[in-house]
Amino acid sequence: MMELIAQKQQEREEREKREKVEQEKQRRKKGQELSAIKQKLQEQEMQTAVEERKREKQEERLARDRVREKIARDKAERARRFGGATSEPVSTPVEMPIQARTLSSSSPTQEPPTKKEYDQCRIQIRLLDGTALSQTFRAREQLAAVRLYVELNWPGAPQGPFDFMTTFPRRVFTEDDMEKPLQELGLVPSSVLIVSRK
């Protein structure tokens, strides 16, 4: 009788042990399946993020290409326009010495001729975070060229649209000013432009 009871007890213990082993196997299998599902979701999210970033970069590249093309067209138009206009002052060389003599007799400084000699412009651009960019441009280049330079060289890329302004005299440049040459805007031979939010 005692042997029969001991045998039954041993069988029950072995059965419980087998059930525990089976339960542990099931738990591990479910854990592996959950881990695989999580990994797959993470990979899909990463793939989506990579594709989104590629699309954004492509759009930025296309936008920059459009701006470059516009600047190139504007430069070609200016070259054509100024190319036709430069022949007029050269055709009247006699007037220049007379003007120079008149200016020298009235005032010792000859500012107008000196200003006309500048064909380059040194511009320092102060960004929103306090850092500064500095570049030399041609005096006849448009202000849009400066904006493009800032967009291409801003560390981390600009966050949204921006304007340029000067502090002394205080002036905020508009979209119409972007088409004007730096010389016409009074930024030659050197100036400081401050970036401001639109």
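For a Förster distance of 22 Å, can you work out the FRET efficiency between the beta-carbons of E60 and D129, rounded to the nearest 0.05?
Values: r = 20 Å, r/R0 = 0.91.
Once the sixth-power term is evaluated, E becomes 0.65.
Which of Q26, F82, Q9 sits closest to the plus end of the dipole of segment 1-84, meaning its Cα is farthest towards the positive end, when Lys and Arg get +1 and Asp and Glu get -1 on the C-beta?
F82
Assigning unit charges at the beta carbon (Lys, Arg +1; Asp, Glu -1) and nothing else, what dipole magnitude in debye, to the nearest 20, does segment 118-197 show about its Cα centre?
It works out to roughly 260 debye.
Which distance in nm do the two modelled labels at Y149 and A36 give, with both placed 7 Å along the Cα-to-Cβ direction?
Label at Y149, label at A36, 5.9 nm between them.
Tell me, what is the FRET efficiency for A72 and V50 to the nearest 0.05, using R0 = 22 angstrom and their Cβ-Cβ distance as r? Display every interim value, and only then the final one.
Values: r = 32 Å, r/R0 = 1.47.
The formula returns an efficiency of 0.10 here.
Bear in mind that the values in this text are calculations on the coordinates, not laboratory data. Quick caveat: nothing in here was measured; it's all calculated off a predicted structure. Backbone-built Cβ (ideal geometry, glycine too); neighbour counts: all protein chains shown.
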